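Student: Sharing a structure, written as structure tokens. Questions coming.
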Amino acid sequence: MNEERYILFGQYFENELSAGEKTNFEEQLAEDQEFASAFEIFKELNLHLEQKFGNEQELKSFKKNLKSISKEHYKSKKSKVVAFKPWQYAIAASVAILVGLFFFQNINPSFEDYDNPEIATFTERGDVNDNLKLAQDLFNAKNYRAAIPHFEAVLNSTKSPEIQYFYAVSLLEDNQFQKAETNLSELKSGTSIYKNKATWYLALSKLKQKEYKSCKETLLTIPDDYEDYDQVQQLLNELY
């Protein structure tokens, strides 16, 4: 994508085009697939910035720093044949830098990068329960949706933090976020050995929903003596 296009996208996005220019722009969006795809990337970039920074002041500060960087970019472009105003180069350079960051950092980590549920081993310890055995086998086969009703049948008669944890993970895997987070939050507030594991999966739930700020805030509540804290630290580093 060239700098002229960056400037045009920025002007359209900020509603700075004349009525005629806006009409031409929108006609090109409708007729030129490559142009439309490039503009979608530009819009995603702006959305990413809104999600990346916790508040408007942080975003303004970041953009201010970019303007300083873009001045250096402008100095290096003085020999360019097509003449632009300095403020236009600032826009072009800033967006170029942002797009580079956008792709180089791969925006944000994905849920799939960290989704690695542990193996359930309920019945190997001598428990005799048909629903528990089915829940275990279906969970380990990654057939989470089918496992859920069997977990629920077990929990209706015996509420165990362990079963509740695997049940919540199954719900998350099946994208039943509200129910998953209700169970994970309950475990997080408790004192069982699944407290920190539940907090980790609560963070992963936010990650799966692309709620990056909430994911980061949840991760920061996990103590550094958590057995998989290296994963916590890695995800935090990728979110910053």
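Any read-out appearing in this document is the output of simple, stated calculations on the displayed coordinates, not a laboratory observation. Just so we're clear, the structure is a prediction, and the values are computed from it rather than from any experiment. Every residue, glycine as well, gets a Cβ built from its backbone with ideal geometry; the counts of neighbours run over all protein chains shown.
Student: Pop a pseudo-label 7 angstrom from the Cα along the beta-carbon direction at both E162 and I41 and give the gap in nm to one decimal.
Tutor: Going by the 7 Å Cα→Cβ label model, 5.1 nm.
Student: While we're looking at this one, here's another question. Among residues other than D174 whose Cβ falls under 14 Å from its Cβ, what is the net charge (Lys/Arg +1, Asp/Glu -1)?
Tutor: 0
Student: If I take R0 = 45 Å and measure r between the Cβ atoms of N237 and D174 in this structure, what FRET efficiency does the formula 1/(1 + (r/R0)^6) give, to the nearest 0.05?
Tutor: Plugging the Cβ-Cβ distance into 1/(1 + (r/R0)^6) gives 0.95.
Student: Which net charge results for the neighbourhood of I148, defined as the other residues with beta-carbon distances under 12 angstrom from its beta-carbon, given Lys and Arg at +1 and Asp and Glu at -1?
Tutor: Charge balance near I148 sits at -1.
Student: In nm, give the distance between the simple-model label positions of D130 and L220, each being 7 Å from the Cα along the Cα-to-Cβ direction.
Tutor: Once both label points are built, they end up 5.0 nm from each other.
Student: Pull out a ≥ b ≥ c, the square roots of the eigenvalues of the alpha-carbon gyration tensor of the range 164-240, then state rounded if a/c is under 1.5, prolate if not and a/b is larger than b/c, and oblate in the remaining case.
Tutor: oblate
Student: Could you work out how much longer the chain between T191 and E21 gets when fully extended? Use 0.36 nm per residue separation minus the Cα distance between them, nm to one decimal.
Tutor: Gain on stretching T191 to E21: 55.0 nm.
Student: Under 15 Å from the Cβ of S18, count the other residues' Cβ atoms, weight Lys and Arg +1, Asp and Glu -1, and hand me the total.
Tutor: Here the count lands on -4.
Student: A further question follows. Using 1/(1 + (r/R0)^6) with R0 = 41 angstrom and r between the beta carbons of Y229 and Q33, what's the FRET efficiency to the nearest 0.05?
Tutor: For Y229 and Q33, the calculated efficiency is 0.35.
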